[in-house]
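For reference, the structure discussed in these notes is given below.
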Amino acid sequence: MAVVRQHRPSPWRIPLVRELAVILLIKLALLLTIKAIWFSAPTVPPEGTAQVAAHLLATPPAKPLPALEETPR
């Protein structure tokens, strides 16, 4: 007894699948282009590490005085 398998068509023959694949490839190319143009390397300001260290290691500012609020009647 022979087993007969049905041939399934390739998903690439469906127009919607092809269109979605092309759109996704275009979006991926645009995202990679934008990343390469605007986010190529991090920018560190001069004396940036010293400023960060001073900010992190500084003593915290004094707590502000509580606001004077009216009491309900």
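Some observations on this one:
- When each of 33, 71 is scored by the number of other beta-carbon atoms lying within 10 Å, the sequence from fewest to most is 71, 33.
- Remark: 13, 73 ranked as 73, 13, counting other beta-carbon atoms within 10 Å and listing the fewest first.
- Of 27, 63, the sequence from fewest to most neighbouring Cβ atoms within 10 angstrom is 63, 27.
- Loop-resident GluC sites (Glu not before Pro) (DSSP state other than H, G, I, E or B) in the chain with no more than 16 further Cβ atoms inside 10 Å of their Cβ: 47, 69, 70.
- Estimated [θ] at 222 nm from DSSP helical runs (n ≥ 4, -39500 (n - 2.57)) normalised by residues in the chain, nearest 500: -15500 deg cm²/dmol
- Taking the charge dipole of the chain about its Cα centre, with +1 at Lys and Arg Cβ atoms and -1 at Asp and Glu Cβ atoms, the residue from 44, 20, 4 reaching farthest to the positive side is 4.
- Restricting region 1-39 to chymotrypsin sites (Phe, Trp or Tyr not before Pro) that sit in a DSSP loop and have at most 14 other Cβ atoms within 10 Å of their own Cβ leaves 39.
- Computed across the chain, the Kirkwood hydrodynamic radius from all distinct Cα-Cα pairs reaches 20.5 Å.
- Once the Cβ-Cβ distance of residue 6 and residue 32 is raised to the sixth power relative to R0 = 30 Å, the FRET efficiency obtained is 0.15.
Every number here is computed from the coordinates shown, using simple stated rules; none is lab data. Computed from a predicted structure; not experimentally measured. Cβ atoms come from the backbone with ideal geometry, glycine included; neighbour counts cover every protein chain shown.
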